[in-house]
Amino acid sequence: MYEYKGFKMDYSYFVNYKIDDPVTAAVGENGHPTIDYYAEGYFESVRLMINEILRRLKLMKSSKSHQIDIKNIKITEDILVYPICFNIRHSIELYLKAIIEKIISIYEIKNLRKPSSLNISHHNIILLWELISTHNFSIWSMDSYINRKQIFDEKFDAYLSILNEYIQQWGAIDPTGQTFRYPLDTESKRHLQDISNIQILFLFSNAEKNHKKLDDFYHFIQNLHDDYKKNRGNQFLTYFQLTKLAESLPVFHQWGEALTQELLDELQIKFKLVSRRQIYKCIDYIKQDYYLSSLISKDIAFKFLSNDKVKDIIDFFKQFQIKEGSILGDNKSERNLSLNTIDWEAWQQERERIQDFFSDYTYNELVDLVTIIYIGRDENTPQEYDLIYRYMEGIFETPDSIINKIQEKQCNIVCYLNNSLDIFGKSFLRTN
């Protein structure tokens with residue numbers, strides 16, 4: 001309970017549990033909203049104001065406008081311009097702060113010290129944008145004050161390029177969030193002396209396009225953060241750059257002759273790695289990553305399942321794929337099965353065939369199989385393989401329990417395994 005100088009806050013002007021309000025928002029600990037929620041909320045309020053302006057414009061231009069009291073439908077653009085512009089600008093500020101927070105989290109994952117310059121306890125969006133822009137890969141050099149480990153990749157740079165002018169213009173007209181908040185600045189000078197009109201619908205059209213790009217940038221950083229959390233990427237290169245590096249390397253069995261010092265020099269410059277040690281660390285990462293190693297024609301075995309057994313499993317389960325006239329009817333999903341559509345005698349025969357097929361498989365091989373199946377179904381990453389394998393070990397105690405689960409999904413096993421093979425860089429195991 002908030003209390004100040006004897007006043008106790010009871011929130012009686014904010015909530016009344018005696019009435020049923022159809023528009024009740026979840027706030028605080030009820031929902032745990034993050035900073036991007038706030039950013040999206042401010043921009044959504046702009047959409048609502050613009051929609052109301054358009055509604056009133058439509059009324060004023062309607063054939064029955066002479067029957068309407070124009071005073072009640074005036075646009076009031078001269079007063080709405082301030083909350084509209086303030087909320088657009090504040091949404092930008094919050095998104096920039098959210099992006100910086102994610103960058104700081106990536107630093108923590110990479111065990112990097114947070115630079116003191118990464119301060120977001122102010123409202124200057126030009127300074128916030130400059131902080132983000134220091135991580136630009138294309139302009140980084142060994143003379144830069146920022147560590148090579150602290151910069152990202154070409155995808156990051158693309159967002160900087162796309163959004164730069166938009167952010168700069170808003171930063172110029174309202175650097176600290178005061179221009180559209182008050183008529184006068186701290187020195188009692190009137191804001192907006194250099195501009196006499198703002199075309200609100202034109203402004204909103206530009207803002208909405210760039211808001212989408214800013215939201216995309218935030219989710220790109222979020223995905224980058226999640227990649228690092230899953231060990232997708234190393235201290236020097238993002239997973240995207242490691243993919244590009246792998247594509248630039250010769251096939252693995254030719255490294256003795258083709259991986260020359262000249263090629264290493266060229267790649268070191270291209271990816272802005274400052275030493276041989278750094279490029280060798282990146283190459284070691286590629287050799288140990290399921291997908292990236294496939295790009296250099298180096299196959300990494302599954303934990304217990306051999307490649308031949310994976311091919312055998314796919315070939316065996318092709319007979320159970322859903323097709324016209326199957327015992328499962330015409331349903332396209334295991335979730336849509338009806339008890340009335342199943343031929344139980346045929347189902348029991350299939351169960352026996354599946355059990356016979358797996359009779360020589362070890363418990364570890366079956367755990368490996370169900371792990372790979374779920375990775376394909378849920379589109380996980382190879383970096384989550386160990387974690388999911390241990391999880392499956394905890395769920396399934398016996399081979400029979402695994403076989404029962406596999407039979408539940410028998411119609412989709414081929415699809416899930418093929419997805420998983422693509423994820424692990426083993427598409428060559430797919431069978432026709």
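The values are calculated or read from the model by the stated rules, or taken from the named source; none is laboratory data. Because the structure is predicted, anything quoted here is derived from the model rather than measured. With ideal geometry, Cβ positions are generated from the backbone for all residues, glycine too; neighbour counts draw on all protein chains shown.
The lone criterion from (1) outside the structural domain of Ile109 (by the TED database); (2) in contact (Cβ under 8 Å) with a residue 12 or more places away in the chain left unmet by Ser275 is number (2).
Taking the criterion of being surrounded by 17 or more Cβ atoms within 10 Å (Cβ to Cβ) and among the charged types (D, E, K, R), the residues of region 245-289 that qualify are Lys272, Asp289. When residues of region 402-416 are filtered for being hydrophobic (A, V, I, L, M, F, W, C) and either closer than 15 Å to Tyr291 by Cα or not in a helix (DSSP H, G or I) (or both), how many remain? Matching residues across region 402-416 total 1.
Residues are listed down the side, and each one gets a yes or a no for (1) under 30 Å from Arg56 (Cβ atoms); (2) among the hydrophobic types (A, V, I, L, M, F, W, C):
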{"residue": "Ile75", "(1), (2)": "yes, yes"}
{"residue": "Asp78", "(1), (2)": "yes, no"}
{"residue": "His90", "(1), (2)": "yes, no"}
{"residue": "Leu94", "(1), (2)": "yes, yes"}
{"residue": "Ile104", "(1), (2)": "no, yes"}
{"residue": "Glu108", "(1), (2)": "no, no"}
{"residue": "Leu112", "(1), (2)": "no, yes"}
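Within region 366-389, the set of residues being part of a helix (DSSP H, G or I) and closer than 17 Å to Asn231 by Cα comprises Ile375, Pro382, Gln383, Glu384, Tyr385, Asp386, Leu387, Ile388, Tyr389.
Met142 meets the conditions (1) touching a Phe, Trp or Tyr at 6+ places or on another chain (Cβ under 9 Å); (2) surrounded by fewer than 20 Cβ atoms within 10 Å (Cβ to Cβ); (3) among the aliphatic types (A, V, I, L, M) in every case but one. The failed one is (1).
Selection over region 147-203 of residues that are exposed (fewer than 15 other Cβ atoms within 10 Å of the Cβ) and of a type in the set (Asp, Glu) gives a count of 5. A single member of Ile109, Ile126, Ile50 is in contact (Cβ under 8 Å) with a residue 40 or more places away in the chain and crowded, with 18+ Cβ neighbours inside 10 Å, and it is Ile50. When you check Leu131 against the structure, is it loosely packed, with under 15 Cβ neighbours inside 10 Å and in contact (Cβ under 8 Å) with a residue 24 or more places away in the chain, yes or no? No: the conditions fail for Leu131. Considering every residue within region 161-176, establish whether at least one is at pLDDT below 95 and either part of a loop (DSSP other than H, G, I, E, B) or of a type in the set (Lys, Arg) (or both). Yes - at least one qualifying residue is present in region 161-176. Of everything in region 80-97 that is of a type in the set (A, V, I, L, M, F, W, C) and more than 15 Å from Thr179 (Cβ to Cβ), the residue that is surrounded by the most Cβ atoms within 10 Å (Cβ to Cβ) is Leu96.
Among the residues of region 363-372, at least one is touching a residue at least 24 places away in the same chain (Cβ under 8 Å), over 23 Å from Asp299 (Cα atoms), in contact with a Pro (Cβ under 9 Å, 6 or more places away or on another chain) and surrounded by fewer than 20 Cβ atoms within 10 Å (Cβ to Cβ).
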